[in-house]
Amino acid sequence: MDTLQAILPELVLGCAAAFFFGCSLFNVEKNMHRYAVAWAAAVFLAAVIGMSGQAEFFHGAYRVDRFSRFFSLFITGAFLVVMIITQRMEDIDRNCRADLYFFLTVSTSGLILVTGATELLTLFIALEISSYPLYIITSYRKGLGFQFEAAAKYLVFGVVSTALMIYGISYLYGALGSTFLSDIVVALPSHLYDPLTLVGVILFMAGLLYKLAAFPFHFWAPDVYSGAAVEVVAFAASLPKLAAVALFARVGGVFMDFDVLAPALAILAVLSMTVGNLLALAQTELKRLLAYSAVSHAGYILLGVLAASQGGLNSAMFYGAVYAVMSLAAFLVAVQMAEEGKNDIPLDDLKGLWHRAPLLAIVFTIALVSLAGLPPTAGFTGKLLLLTAAWKAGWFWTVVFGVLNSLLGLFVYLNIIRISLVDDQASGRPVPTSPLLGTTATALGLGLLVLGVFPGGLLTMARKALAALLYIVPLT
Amino acid sequence: MEPILHMNPMGISVLTMIIFLPMGGALALPLIPDDRAAKMYSLILTLAVLVFSIPLYTRFDLSLTGFQFVEQYPWVKSVGLTYLLGIDGISMPMILLTTLFGPIVVLCSWTYITKRVRAFLACLLLTQGIMVGVFAALDVMLFYFFFEALLIPMFLMIAVWGGPRRIYAAVKFVLFTLAGSIFLLLALIGLYLQAHTFSYPVIMSLSLSPQFQFWLFLALLAAFAVKIPMFPVHTWLPAAHVEAPTAGSVILASILLKMGTYGLLRFNLALAPQASVDLAPLMIVLSIIAIIYGGLLSLAQTDIKKLIAYSSVAHMGFATLGIFTLTFQGNQGAMLQMINHGLTTGGLFLLAGMLYERTHSRELGVNAGMGRLMPAFGFFLGLFSLSSLAFPGTASFVGEFLCLTGAFKLDWRVGAWAIPGALLAAAYMFRLFLKLTWDAKGNKKVARDLNFREWICLVPLAALIMVFGFYPKPLLQVMNPALEGLLARLPVGQGTDMLVAVRQAVESIVP
């Protein structure tokens, strides 16, 4: 019974996937959004119930523990929010919606599997389960044709990074004789200067960086973001980031013993932040801008991985969760602003948001201030923790770049705040806001403020989750 | 030795209340149905805050050193954050200045603001609470929270309700400020790594190495110099002042600028005493440049608000000069200058706003001779102008005199360089005053004199300026213990050569 309770979220997700598959088979079109929200709520509830679950499956290849459940909670929470904001979905054919929900559910379950995988091949399969549905639904947009280009790019980049990763895994297996993380941890110290292992680790890390969309593996992000429907982007921008943080925390910590890896990551982190912010400055379209902003935030998360020994992972997990909340809050508004048949959301479309939907304007502002990293929002607190950890670990120069980048970031987001709050023209259509959306928006906005001022609870959760990592504590 | 924390003598948490009452009140504004009620509500709220803040003065124990009215609660233990508030003789006058201006800025926006009134009032109330928080915070990260949280409401205040070039001014303001305060963030993280807590009393008890102090001083200076604003980072100020609505200008001039000098006293002097001594010559040079350059620029302006803005640069230059003479008189003078500049320049901006509401222009030429039509206006303008140029008998005289005393005590040449600044002040303020009051060439024929609401705004400021001009003791006796404590931290044997100090610090960094 305990085992059943432990994998409850996975089971409910499976049921949800089966349900949507059935809907797709029998062409159910009515009430799809309600079903989706209901199922997502059930999944989230299951994740809450299964919070304290502990179990091992497949000879220790898949593990349910506090660590994976920490991420399940946030991934399913984000899943619920995404389902709520798919209310309108003007850009997606009615008869495709069941399929879309099916793929989103499958991808979510893949992400949850990622956070629990403790064996490299299991990890690989879980990553594929989470990625393939996204390749498909990227092309689900009506009209135009740019969505196919985006999907193709996503697919090609994804497949190449997957190939790199599996190639790396084969090297690791060849050098260390096992694909279980628990064995790797033991075997690694004696292979620190073994070129074969190093090649394996670097290739593997390349795959992870792709998932995180960090420089120089970010090239897919802007095109996918602007090509796909906003609702899909909201999903692709938030949930996989959480899984990527989990991956970095679980395996990144193991590999950080390599001398060359840390400086390389430091350089990539700084480049990610800077390139992301600089390119975001030049954008005039909201989705592309958010894509580049995601690149720069990936850089901040890498700082935490860099400072793994000094509580950096803890901060990275905090920031990952916070990033999911702020990007969802931003996308929630973006979804409302998206107009049917238009390929993108020019920043000018946000004009007069204050007059058109004051609540959304306020939530949007909080999200942007948080993305810019100003107090009292969670974005600031997360950055503070990451920078402190990085400095403690001796990476002072990355900290300097970190704060300089928050200046660049402010420039980026201040511009959007100006357009949405300051500009007076009450042009454009009024923005519809259902009570459910309004509540969700309020919850996300408040969440950012509360996490900013009282980060203690989430930090304790993250610390407890980290303590459960395989290479530190064996399951009792 | 950690400074002593004296717990709150009152039954209620006064500081918390005057910080969060206006901020919480701002959240309730959307519920109020119409604009007029919202204005009344904001006025009552800010008046209540003012009343609540009075015990900070009346119950302030002059015999105690250290911090009073302390409120301490655990905040985020694992990160080293505490919710720690407290005041001493340096921060208490600043808080009272802030709460005094609360109702005044609401009143001066009564008819000035016509669009999105409730949102504007929400911004006002938010800034009100946040600014008190800046002065009351004794946890350095809490300080930073407040320091930075001010940016967005101020940005909106300028950007939404400002003049024609408001976007430019608002963006410039925010970017300049943040460009400075990212270094403050670095400094605070650096301090945290030394102290393992953000608590100011603990950090104060650290003995930091001279090298660390050197960099700490520069990082802190970057943040505070922008706020003050010191030469050469003052360029945001005229733009922001000119474009901001009256309330915004008043808040900027009277309170926001003081955060810079307050930061210098609270952080630079207290935490980096060695570096303060070493770098004092640099600061004195920058201050004198600000005094003279600000004065000259002010003399050349034809826009009333710009003229007052540049005069602020010069006046704040006197304050920084006073601080970095590192003499007792100089620091007393600086504190008085901060308060008096707040009262005086706040008053001048109020007058500029009232004039603008009548003539829709801030040009000296357009507004020439308005004093003939509006005698009461002329009277207040005369009083505030005289105070601004530090005429004996007005409050600013005492402050500026003490600053100069400190300068002469340090070195007569320093004092001699600052004297032309005082003369310039007379020149530009008299130019403003004469032109607006007696010049005949104005093109406006009729204008309503000050109404009751405007009188209410100006009278308290005018009264305080007169009182403090003749009797500054209430202020001095409050700040003296705190300033003595601050200066006692400075190493003896002042007057190290700056170049030597810089070289030492650089050598210690470069192996």
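Values quoted throughout were computed directly from the atomic coordinates according to the rules given, and no laboratory measurement underlies them. From a predicted model like this one, the values you see are computed outputs, not experimental measurements. So basically every Cβ, Gly included, is an ideal-geometry build from the backbone, and we count neighbours across all protein chains shown.
Taking a ≥ b ≥ c as the square roots of the eigenvalues of the alpha carbon gyration tensor, the range B:1-87 is oblate, as a/c is not under 1.5 and a/b does not beat b/c. Estimated from helices alone, the mean residue ellipticity of chain B at 222 nm is -23500 deg cm²/dmol (sum of -39500 (n - 2.57) over DSSP H runs with n ≥ 4, per residue).
Taking a ≥ b ≥ c as the square roots of the Cα gyration tensor eigenvalues, with a/c under 1.5 meaning rounded and otherwise prolate when a/b beats b/c, else oblate, which class fits the range A:187-257? Don't skip to the answer; put the middle values down first.
On the way: a/c = 4.94, a/b = 2.37, b/c = 2.08.
Because a/c hits 1.5 or more and a/b exceeds b/c, the range A:187-257 counts as prolate.
Is there a pair in A:LYS241/B:LYS77; B:LYS305/B:LYS473; A:LYS30/A:LYS142; A:LYS351/A:LYS383; A:LYS351/B:LYS115 whose C-alpha atoms are over 25 Å apart, and which pairs would that be? Can you show the working numbers first?
Details: A:LYS241/B:LYS77 28 Å; B:LYS305/B:LYS473 32 Å; A:LYS30/A:LYS142 19 Å; A:LYS351/A:LYS383 29 Å; A:LYS351/B:LYS115 17 Å.
Violating the 25 Å Cα-Cα cut-off are A:LYS241/B:LYS77; B:LYS305/B:LYS473; A:LYS351/A:LYS383.
For the protein assembly as shown, a crude dipole built from +1 on the beta carbon of Lys and Arg and -1 on the beta carbon of Asp and Glu, taken about the Cα centre, is about 2340 debye to the nearest 20.
Could you tell me what % of all Cα pairs in the range B:171-216 have separations over 16 Å? Please list the in-between numbers first.
Numbers: 471 of 1035 pairs.
Every Cα pair in the range B:171-216 considered, those over 16 Å come to 46 percent.
Residues in the range A:338-382, backbone N under 11 Å from the label point at B:ALA28 (7 Å along the Cα-to-beta-carbon vector): list them, ranges by number please. None, by backbone N distance to the label point.
I need the helices of chain A that pass two filters: whole DSSP H segments spanning 24 Å or more by Cα along the axis, and mean Kyte-Doolittle score no lower than 1.6. Before the final figure, lay out the partial values.
Values: long enough: A:8-25 (25 Å, 1.75); A:32-49 (25 Å, 1.57); A:66-85 (29 Å, 1.77); A:97-116 (29 Å, 1.08); A:120-138 (27 Å, 1.63); A:146-176 (44 Å, 1.18); A:195-212 (25 Å, 1.88); A:230-247 (26 Å, 1.78); A:261-281 (30 Å, 2.07); A:286-306 (30 Å, 1.17); A:312-337 (37 Å, 1.47); A:396-417 (31 Å, 1.90); A:435-453 (27 Å, 1.75).
Those that pass (Cα extent of 24 Å or more, hydropathy at least 1.6) are A:8-25, A:66-85, A:120-138, A:195-212, A:230-247, A:261-281, A:396-417, A:435-453.
Diffusion coefficient of the range B:1-149 by Stokes-Einstein, Kirkwood radius over Cα pairs, 4 °C, 1.567 mPa s: 81 µm²/s. When exposed loop sites are taken as chymotrypsin sites (Phe, Trp or Tyr not before Pro) in a DSSP loop with at most 16 other Cβ atoms within 10 Å, the longest stretch of chain A clear of them is A:220-470.
Between A:LEU278 and A:CYS15, the contour length at 0.36 nm per residue exceeds the alpha carbon distance by 90.3 nm. Across all Cα atoms of chain B, the radius of gyration (one decimal) and Dmax (whole number) stand at 21.8, 73 Å.
Given only helices, namely DSSP H runs of n ≥ 4 each adding -39500 (n - 2.57), what is the per-residue ellipticity at 222 nm of chain A, to the nearest 500 deg cm²/dmol? Write out the running numbers ahead of the final one.
Numbers: 20 runs with 337 residues, N = 476.
Theoretical 222 nm ellipticity from helices: -23500 deg cm²/dmol.
Cβ-to-Cβ counts within 10 Å put A:HIS355, B:HIS360, B:HIS196 in ascending order as B:HIS360, B:HIS196, A:HIS355, the fewest first.
Hydrodynamic estimate: the Kirkwood radius of the protein assembly as shown over Cα pairs, inserted into Stokes-Einstein at 25 °C and 0.890 mPa s, corresponds to D of 82 µm²/s. Ranking of B:GLU400, B:GLU363, A:GLU119, A:GLU90 by neighbouring Cβ atoms within 10 Å, starting from the fewest: B:GLU363, A:GLU90, A:GLU119, B:GLU400.
Compute the normalised compactness of chain A: alpha-carbon radius of gyration over 2.2 N^0.38 Å, N being the residue count. Walk me through the numbers before you get to the answer.
Details: Rg = 21.0 Å, N = 476, 2.2 N^0.38 = 22.9 Å.
Chain A yields a ratio of 0.92.
Rounded to the nearest 20 debye, what is the charge dipole size of the range B:1-149 about its Cα centre when +1 sits on each Lys and Arg Cβ and -1 on each Asp and Glu Cβ?
Values: 7 positive and 8 negative charges, 115 e Å.
Around 560 debye, computed over the range B:1-149.
Could you work out how much longer the chain between B:ARG36 and B:ILE4 gets when fully extended? Use 0.36 nm per residue separation minus the Cα distance between them, nm to one decimal. Don't jump to the answer; show the numbers that get you there.
On the way: separation 32, 0.36 × 32 = 11.52 nm, distance 4.64 nm.
Going from the current span to full extension adds 6.9 nm.
Under 12 Å from a point placed 7 Å out from the Cα of B:PHE470 along the Cα-to-Cβ direction: which residues of the range B:380-412 have their backbone N that close? Answer for the range B:380-412: B:393-394.
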